[in-house]
Amino acid sequence: MWVAAGKIILDFYGNQNIKEKRHQMAALLADVHKEFNASAVEVADFDDLERCVIGLALAAGTEQGARSAMKRLLEHIDSNAFARVMVEDTDVFGYD
């Protein structure tokens, strides 16, 4: 089993409404789960109006599959997110 894990930071430049940020985050996290069967959760900066840190994880049968799925997931977020992706940091781990 291979696990891909990562962290992304989204920048909501000029956002002034925490409720709108949380609504958009909930929609994005649900979309990631639905489209990729991956786990995604906000992990830091919960009350920061202009920043969001998201932790991601998914499992695959092969290393190539895990890397490919994480790459597609990050591309999906980058093209569909309501905020600019500032940082992407991922890694893949193998378990016997």
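The values are calculated or read from the model by the stated rules, or taken from the named source; none is laboratory data. As the structure is a computational prediction, the values presented were derived from the model and not from experiment. Note that we place each Cβ from the backbone using ideal geometry, even for glycine, and neighbour counts take in every protein chain shown.
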For this session: Search segment 1-41 for residues being touching a strand residue (DSSP E or B) at 6+ places or on another chain (Cβ under 6 Å) and not hydrophobic (A, V, I, L, M, F, W, C), and hand back the single one that is surrounded by the most Cβ atoms within 10 Å (Cβ to Cβ).
Result: Gly6
Exercise. Could you give every pair whose Cβ atoms fall below 6 Å, whose first residue belongs to segment 78-96 and is without any contact (Cβ under 8 Å) to a residue 40 or more places away in the chain, and whose second residue is hydrophobic (A, V, I, L, M, F, W, C) and part of a strand (DSSP E or B), counting only separations of at least 6 or pairs across chains?
Worked result: Asp78/Val85
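Yes/no per residue for (1) among the basic types (Lys, Arg); (2) in contact with an Asp or Glu (Cβ under 9 Å, 6 or more places away or on another chain); (3) more than 24 Å from Arg67 (Cα to Cα):
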{"position": "Ala4", "(1), (2), (3)": "no, yes, no"}
{"position": "Lys7", "(1), (2), (3)": "yes, yes, no"}
{"position": "Phe12", "(1), (2), (3)": "no, yes, yes"}
{"position": "Asn17", "(1), (2), (3)": "no, no, yes"}
{"position": "Ala30", "(1), (2), (3)": "no, no, no"}
{"position": "Ser39", "(1), (2), (3)": "no, no, no"}
{"position": "Glu42", "(1), (2), (3)": "no, no, no"}
{"position": "Asp45", "(1), (2), (3)": "no, no, yes"}
Exercise. On the given criteria, is Val53 exposed (fewer than 14 other Cβ atoms within 10 Å of the Cβ), within 19 Å of Leu10 (Cα to Cα) and of a type in the set (Val, Ile, Thr)?
Worked result: no
Seminar exercise, completed: Going through segment 11-38 in order, the residues found to be modelled with pLDDT of 85 or more and touching a helix residue (DSSP H, G or I) at 6+ places or on another chain (Cβ under 8 Å) are Leu28, Asp31, Val32, Glu35, Phe36, Ala38
